[in-house]
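Below is one structure, written out as structure tokens; the observations come after it.
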Ligand SMILES: [Ca+2]
Ligand SMILES: [Ca+2]
């Protein structure tokens, strides 16, 4: 075994289990991956997470995404990101003398403190998040969106070097590839770690000019074939430097195909479901490991392994040890790679969608604790509380890979065994949105400015600010919305209602949140804390147009005023202790309802809502 082997991890984005030749694709031509599999080992039960951010959080930290508080997709100017307290695969290898680089899509936070160079990578080149998250995204309220979210930034180290118009994305795969090849040549004489997470094949699809129109599978196939070309270029560089016997290359994808996108989506092959869900198609990924002389050519491993195993595996192979100050979920899979074992190091593997534990696998058995979705779904509506009756479904993945036949009734002892694994995990990471003792905090950015090209920052770049004019239909992500946890706040606006029963503004769901709404024309202010609902209601319906102010004070006092006059007062238990995990919605309430509404709260308020402001005590004033 060579001392300090090099590691290269090539990751596709949103590519399905059945999208490459070694995993059964007959549409997409992938000669380089075919060769990689012929010369290496295919892992057929390799797991990631159902979405980009949590999947990458797992790779980088060796933990389930929920453990490191990155279970959901982050958006530009996120207020949270990868905590600098975490050990990452890069920081640990760097500590062992490795040259480290990240080239491609990052997506675990875009504030500077969250960027790769702050997490163990010597250098970085790429997009800090998904390629559909630029400020030029069509269909957004242009001025406001443009002031809030930068055009898609290409970042080198910590600096925006270019902003990409849609057509500019065509060059990304080649750009990443050339940077990767150069890195290999530049670092041939020292151990290195190359992390190469492609922007491809995430929608919008942008294959390079040389690949466009060349596959038998549309733009999607074109881009898969370009990734394959990249794999070939990287392997060629490794061979040119004579490094093949001391370089482990791993290829995989971050989550399943985005099946709702039709022909622009990938293919999960024999697996059910896709991106966003916890059927196998959402979370099981193709994986190939290549290391001539160490990993047997043409071999296959069916044992359960996961992307968070790479951290302890690489660290071990590099001669290091993972520090014990932080619990990790990953296990060393060297014995699988070297053919010394066919046993998974995981007694149980857990399927999370966001923070909701949806299923657990042990060996051939998979127990679905809640009804699963083929793709995205309202996961938390169905978070399992294992102490309450539920009817889980049991699948035998060896006999029923497509998860069609529930055999729970025939194997009650298996159900009970897997249920006990699930209980163990609930005790560690908590049920649903409630954090268990094993959950560590994410990194926080108080005032994320976003990644703008120097000199192109908007005059008043801001997240939601009290001075923002919010309009009916606006939705502000929880991490961007006013941070109300543990703070008193005040909401003011003027309304001219046509609706008699509708929401004026709401943020939150069944656990925490607040809402102002009309019941038969009468304004009501509601606050939810730890599931309990407190409300105050005005005495009657005001005139045609009126001002509303609702306030939650330190001591829990709730005051609802109409046209500047107190109209109702009451008392909640105190402040709202946790930031709601649903979006702030103007004129409606999405997801789980905060208030006790009379009509469907997702139907938008008819009439006018003007000058809506949410003012939080102690929010930093903006210049
Ligand atoms: Ca993805
Ligand atoms: Ca809601």
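Rule-based calculations on the coordinates, nothing more; no lab input. None of these values were measured; they are calculated from a predicted model. No Cβ is skipped: glycine too gets one built from the backbone with ideal geometry, and neighbour counts run over all protein chains shown.
Side notes on the structure shown:
- Between helix 412-429 and the chain there is an angle of about 70 degrees, using the helix long axis and the longest principal axis of the Cα atoms.
- Packing here is the average count of other Cβ atoms within 10 Å per residue, and on that basis the peptides 515-526, 236-247, highest first, run 515-526, 236-247.
- When only alpha carbons of the range 176-288 are considered, Rg and Dmax amount to 15.8, 46 Å.
- P(r) tail fraction, the range 475-616 - alpha-carbon pairs more than 23 Å apart, %: 22
- Against the empirical 2.2 N^0.38 Å (N residues), the range 350-429 has a Cα radius of gyration ratio of 1.02.
- Computed from label points 7 Å out along Cα-Cβ, the spacing between residue 188 and residue 239 is 1.5 nm.
- Derived value for the range 10-345: Kirkwood hydrodynamic radius 19.7 Å. Basis is the mean of 1/r over every pair of different alpha-carbon atoms.
- Full extension of the chain between residue 577 and residue 606 gives 7.3 nm of extra length, using 0.36 nm per residue less the Cα-Cα distance.
- Sites residue 554 and residue 498, calculated FRET efficiency, Cβ-Cβ separation with R0 35 Å, nearest 0.05: 0.45
- Compactness ratio for the chain: Cα radius of gyration over 2.2 N^0.38 Å (N = residue count) comes to 1.00.
- Mean Cβ count within 10 Å, highest first, over the residues of peptides 323-333, 125-135, 571-581: 125-135, 571-581, 323-333
- Report note on the peptides 276-283, 367-374, 302-309: ranked by the mean count of other C-beta atoms within 10 Å, highest first, their order is 276-283, 302-309, 367-374.
- Measuring r between the beta carbons of residue 446 and residue 569 and using R0 = 35 Å, the FRET efficiency lands at 0.60.
- If the chain linking residue 510 and residue 417 were pulled fully straight, counting 0.36 nm for each residue of separation and taking away their Cα-Cα distance, it would gain 30.4 nm.
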